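Before any comments, here is the structure.
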Amino acid sequence: MRGNLELQARKIEMVLASHRIRARVRGGTITPRYILFHLSPPLGVKVEKIKALAEEIALFLGAPGCRIYRRNGLLSIEIPRRNPSPITLSSLCLRLKDIPPYSSILGMDEEGSPILVNIASPDVTHILVAGTTGCGKTELLRTMISSLALYNLPKDLSLGLVDLKGKGLKVFEGLPHLMGPVATEPESALCLLRKALEEVERRDREGIKPSGGRLKGDGYYVPRVVVFVDELAELRILGGKEVDLILTRIAQRGREAGVHLVVATQKPSLEVIGSLARANFPVRIVGKVTTPEEARVASGIGGSGAEKLFGRGDFLVVGCGVVVRFQAAMIKPEEIKEMVERLKRR
């Protein structure tokens, strides 16, 4: 492995030297999906000149693609691995000894550290997941739901699942955390969303407020509610304007009431997520998209590079002005079914 990496590093230097760029590869990082070579360019060489050689480097290395970007004072040259290593939720659970309440496991970052997102944090509240078909959105939602259910009791966390395709989230049917059956029809989806909005309004009236992460009323606690929507565009088409109104109101008023949204879409355009994004989605999880414009709309920032991601679980998480790349963890449907039965017995 080491000899092959050194050979690739020398080849990169040869390509650059053929264009009169005398740069050296200064180490690198091996991740489950790709290899990063860290390049130290000489003074006076324009970064754009090196970036323009991405296709030539990929061709010389025999790689399917190459991505070049600036990273902490160095240039990183990213090459996909021929045999990527999968990351499983079970393996990350074994590594994580103490998971804060209301935290969802996402996967592993470029340094090999587990990535979590705390839905109860004031900096999170609602999450938008975007990316083309095949980028791994549904698998990521399954991982998020599973980790929330594993580490939070039903009395502390209630989940609402909308899956109009009836394929991605239906496997969670029977989970004791569910606020109702998995919504696979427009009518049942609207009913679930209305119920979530009614809960926001009821908690507003009764003055229920966060207390140390939990939600406290007049001497009693209520669970946080997280509504997952798999494929927003389809829900909007079939549910009509009422869907837009309900989701926007929950996004605007749900934080203090402890009602949260995790919404996924394969069409990250202004027409689909424009009004919702403006309503407040401070955290964005972005998989592979087709154009820089879709990357900008989905991530909320310019130059994220989401259009150059590899797909199949390769994501960026964007929040508080920070962009972190990670490989999503996976959990098999049969593992989910076993988990549901185990939690039902508990």
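Would a scan of segment 214-225 turn up a residue that is within 13 Å of ILE250 (Cβ to Cβ), surrounded by 13 or more Cβ atoms within 10 Å (Cβ to Cβ), in contact with a helix residue (DSSP H, G or I) (Cβ under 7 Å, 6 or more places away or on another chain) and not basic (Lys, Arg)? Yes, segment 214-225 has at least one match. Examine segment 114-135 for a residue that is at positive phi, surrounded by fewer than 16 Cβ atoms within 10 Å (Cβ to Cβ) and in contact (Cβ under 8 Å) with a residue 12 or more places away in the chain, and state whether such a residue exists. Within segment 114-135 (the criterion being at positive phi, surrounded by fewer than 16 Cβ atoms within 10 Å (Cβ to Cβ) and in contact (Cβ under 8 Å) with a residue 12 or more places away in the chain), the answer is yes, since at least one residue qualifies. Of GLY219, GLY174, all but one fail to be at pLDDT below 95 and in a loop (DSSP other than H, G, I, E, B); the exception is GLY219.
Filtering segment 191-213 to residues that are under 24 Å from PRO101 (Cβ atoms), open to solvent by 50 Å² or more (accessible area, probe 1.4 Å) and assigned to a helix (DSSP H, G or I) leaves LYS195, ARG202, ASP204, GLU206.
Whether any residue in segment 149-164 is touching a Pro at 6+ places or on another chain (Cβ under 7 Å), under 28 Å from MET108 (Cβ atoms), among the hydrophobic types (A, V, I, L, M, F, W, C) and open to solvent by less than 10 Å² (accessible area, probe 1.4 Å) is what I want to check. Yes: segment 149-164 contains one or more residues that are touching a Pro at 6+ places or on another chain (Cβ under 7 Å), under 28 Å from MET108 (Cβ atoms), among the hydrophobic types (A, V, I, L, M, F, W, C) and open to solvent by less than 10 Å² (accessible area, probe 1.4 Å). Taking GLY321 as the residue in question, decide whether it is open to solvent by 70 Å² or more (accessible area, probe 1.4 Å), in contact with a Pro (Cβ under 9 Å, 6 or more places away or on another chain), at pLDDT below 95 and more than 19 Å from VAL263 (Cα to Cα). No; evaluated as a whole, the condition is false for this residue.
The values are calculated or read from the model by the stated rules, or taken from the named source; none is laboratory data. Quick caveat, the model's predicted, so the values are computed rather than measured. We place every Cβ from the backbone using ideal geometry, glycine too, and count neighbours over all the protein chains shown. Protein only, heavy atoms only, side chains kept; ligands, DNA and RNA dropped before computing areas. Shrake-Rupley method; radii C 1.70, N 1.55, O 1.52, S 1.80 Å.
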